[in-house]
Amino acid sequence: MIKVEHIVKTYRKNTVLHHVSLSIDGIYGLLGSNGAGKTTLMKILCGLTSASGGDILIDGQSKMRRKYADTSEIIGFLPQDFNLYPSLPVHEVLSHLALLQGIIDKKKRYEAVQRSLERVNLTESAHLKMEELSGGMRRRVGIAQLLLREPKILVFDEPTAGLDIEERIRFRNLLRELGHDHTIIISSHIVEDIEFLCTKIGMLSNGRVLFEGSPDELKSRAEGMLAESTVQISELNDWVKEYDVVNIEETLDGVKVRYVDEKNGDHAIVPKLSDGYLAVMRSLG
Ligand code: ADP
């Protein structure tokens, strides 16, 4: 369990995190639009940048007092773009990174590489060069290098950005599997990315926490606020101008439009996660 307590981050005079407090466990989705402060918070969590105030407790112990401590045994961080040593084969890249991570003993290093490769399903591709891999496979190498030192917490910054649908599904399954024995934090600005995966969600906007709770709780924020109508394509532009349209779906009779109607919402409509997200975002305005 990770407790984020009143974290403040200021760059010069610009405060980008305002007393952010979160309770992180399971597979945790950190949602928010670009610039919300997700990456900054993740970097503070992993000790890659310092906070201006507040504390982080991991299993009840403060991490902030152990400034500059190497956290890679506890937390592994996968940045948005993992693409190192393009001309080297995967197993050599991992072995090299294991050495950099302090696994000096040759046998232990070999075992750590094999174990990590297996965990991300890349044993068969270990001889391929990094530049020969697809985006999804490269990201799996990124995860493999996180696993070398067997940390209990894994942090992924926008892990599915740039992946095609098939890779996205495979990646999601891998994260779900890793979730059995790791605490996982995933940031995203795309709600669909974390749907069906996360057990808990935190929402940030302009460096402030807007929501924290289960996916069902987030969905329920949109209950009674949605309405649906079927309109003709020629009317669609007017609808989009007039209403806050959250979804459109082509049907045989025209276009089914789902829109926000706080006063006359239809309680029979079951909200999706993205509806809850929008409802919380709207509550700002
Ligand atoms: P997100 O990951 O949600 O897109 P970030 O954490 O990257 O958000 O950024 C939050 C805010 O902090 C943005 O306004 C960004 O411009 C600012 N920021 C991030 N890194 C720095 C930095 N090194 N120096 C100054 N401002 C920064």
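The values are calculated or read from the model by the stated rules, or taken from the named source; none is laboratory data. For clarity, every value in this text was computed on a predicted model and none was experimentally measured. Areas reflect the complete protein model, heavy atoms only, side chains present, ligands, DNA and RNA absent. Shrake-Rupley method; radii C 1.70, N 1.55, O 1.52, S 1.80 Å.
Structure data summary
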| quantity | calculated |
| --- | --- |
| DSSP-defined beta bridges in the chain - what % are antiparallel, rounded to 5 | 65 |
| Degrees between helix 106-119 axis and first principal axis of the chain (Cα, 0 to 90, nearest 10) | 20 |
| Unsatisfied cross-links (Cα-Cα over 26 Å) in the set Lys241/Lys272; Lys38/Lys219; Lys43/Lys108; Lys106/Lys129; Lys3/Lys152 | Lys43/Lys108 |
| The chain, accessible surface, carbon-and-sulfur percent (1.4 angstrom probe) | 48 |
| Centroid-to-centroid separation of region 18-60 and region 100-130 [C-alpha atoms, Å] | 29 |
| Å² of accessible area per residue within region 220-282, as computed with a 1.4 Å probe and no ligands counted | 63 |
| Residue-normalised accessible area of region 2-214, given per residue in Å² at a 1.4 Å probe | 49 |
| Rotationally averaged projected area of the chain (alpha carbon convex hull; nm²) | 18.2 |
| Helix 135-147 axis, angle to the chain major axis (alpha carbon atoms, nearest 10°) | 50 |
| Crossing angle, helix 273-282 versus the chain [Cα axis fit, 0-90 degrees, rounded to tens] | 70 |
| Length added when fully stretched, Val240-Met1, from 0.36 nm per residue minus Cα-Cα | 81.7 nm |
| Estimated vicinal HN-Hα couplings, Hz - region 213-227 in sequence order (Karplus 6.51, -1.76, 1.60; Gly, Pro = x) | x, 7, x, 5, 4, 5, 4, 5, 5, 9, 4, x, 10, 10, 9 |
